[in-house]
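Only one structure is covered here, and it is reproduced in the block below.
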Amino acid sequence: MGELVNIESLNSEAVLSIIASGSKAKYAFKPSNPEETAKRIAERDINAQSLDELLGGGSDTISGRDYVNKPFSLTNVEWQPSDIAGEGLPFYAVLHVVTLDGEPKVITTGAISIVRKVAVMSQNGWLPAWVKIVKGSKTEAGYEPLDLAKAPQSEIPFAG
């Protein structure tokens with residue numbers, strides 16, 4: 001049985017530390033402080049740039065697998081503990097993005113290469129950034145791993 005590691009705050013620094021350690025430990029994440037969560041939601045509402053952003057625009061969260069090869073501006077990332085048992089990371093990324101049409105969207109992914117790159121980008125203050133999710137070559141097991149790539153300037157209207 002692996003050791004249990006308690007994580008006080010699930011942020012980009014903690015994500016990178018867990019990934020770098022390569023540890024197979026079980027992780028326990030401190031529950032979110034309800035007051036901090038309410039404050040974060042209020043700030044997001046107050047800083048909304050459109051009615052759709054404020055009210056959600058009827059769009060649900062999008063899986064990273066369903067948003068391949070579509071450039072977007074990654075503006076922010078949040079981290080959530082994963083409740084999916086088995087292989088993979090004990091957390092996933094909640095990407096706050098703006099599409100080419102200027103629509104705010106939320107994309108979730110647990111793909112390790114995307115999680116790692118987004119955590120580095122966030123930790124280094126490299127957001128916002130124009131990127132896109134891409135599929136890698138199919139593995140022997142039949143998986144198509146997801147990755148994050150820079151969106152070429154030619155794909156971004158009015159850029160450069």
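The values are calculated or read from the model by the stated rules, or taken from the named source; none is laboratory data. Everything numeric here is computed off the predicted structure, so don't read it as measured data. Note: ideal-geometry Cβ built from the backbone for every residue, glycine included; neighbour counts use all protein chains shown.
Condition first: in contact (Cβ under 8 Å) with a residue 60 or more places away in the chain and surrounded by 19 or more Cβ atoms within 10 Å (Cβ to Cβ). Can you find one or more residues in region 135-145 that meet it? No: region 135-145 contains no residue that is in contact (Cβ under 8 Å) with a residue 60 or more places away in the chain and surrounded by 19 or more Cβ atoms within 10 Å (Cβ to Cβ).
For region 146-154, check the following and say yes or no: at least one residue is assigned to a strand (DSSP E or B), touching a residue at least 60 places away in the same chain (Cβ under 8 Å) and not β-branched (Val, Ile, Thr). Checking region 146-154: at least one residue is assigned to a strand (DSSP E or B), touching a residue at least 60 places away in the same chain (Cβ under 8 Å) and not β-branched (Val, Ile, Thr).
Take LEU127 and decide whether it is surrounded by 14 or more Cβ atoms within 10 Å (Cβ to Cβ), at pLDDT 95 or above, of a type outside the set (D, E, K, R) and in a strand (DSSP E or B). So LEU127 fails the test.
Scanning region 1-19 for residues that are surrounded by 10 or more Cβ atoms within 10 Å (Cβ to Cβ) and either in contact with a Cys (Cβ under 8 Å, 6 or more places away or on another chain) or among the hydrophobic types (A, V, I, L, M, F, W, C) (or both) gives VAL5, ILE7, LEU10, ALA14, VAL15, LEU16, ILE18, ILE19. Of all residues in region 130-145, those being within 21 Å of the chain's Cα centre (by Cα) and either part of a strand (DSSP E or B) or of a type outside the set (Asp, Glu) (or both) number 9. Across region 20-55, the qualifying residues are those that are part of a loop (DSSP other than H, G, I, E, B) and among the charged types (D, E, K, R), and the one among them that is modelled with the highest pLDDT is LYS24. Scoring GLU87 on the criteria (1) exposed (fewer than 12 other Cβ atoms within 10 Å of the Cβ); (2) modelled with pLDDT of 90 or more leaves a single failure, condition (2). The set of residues from region 146-155 being loosely packed, with under 15 Cβ neighbours inside 10 Å and more than 13 Å from ALA111 (Cβ to Cβ) comprises LYS150, PRO152, GLN153, SER154, GLU155. Of everything in region 97-116 that is under 12 Å from the mean Cα position of the chain (by Cα) and crowded, with 19+ Cβ neighbours inside 10 Å, the residue that is modelled with the lowest pLDDT is LYS105.
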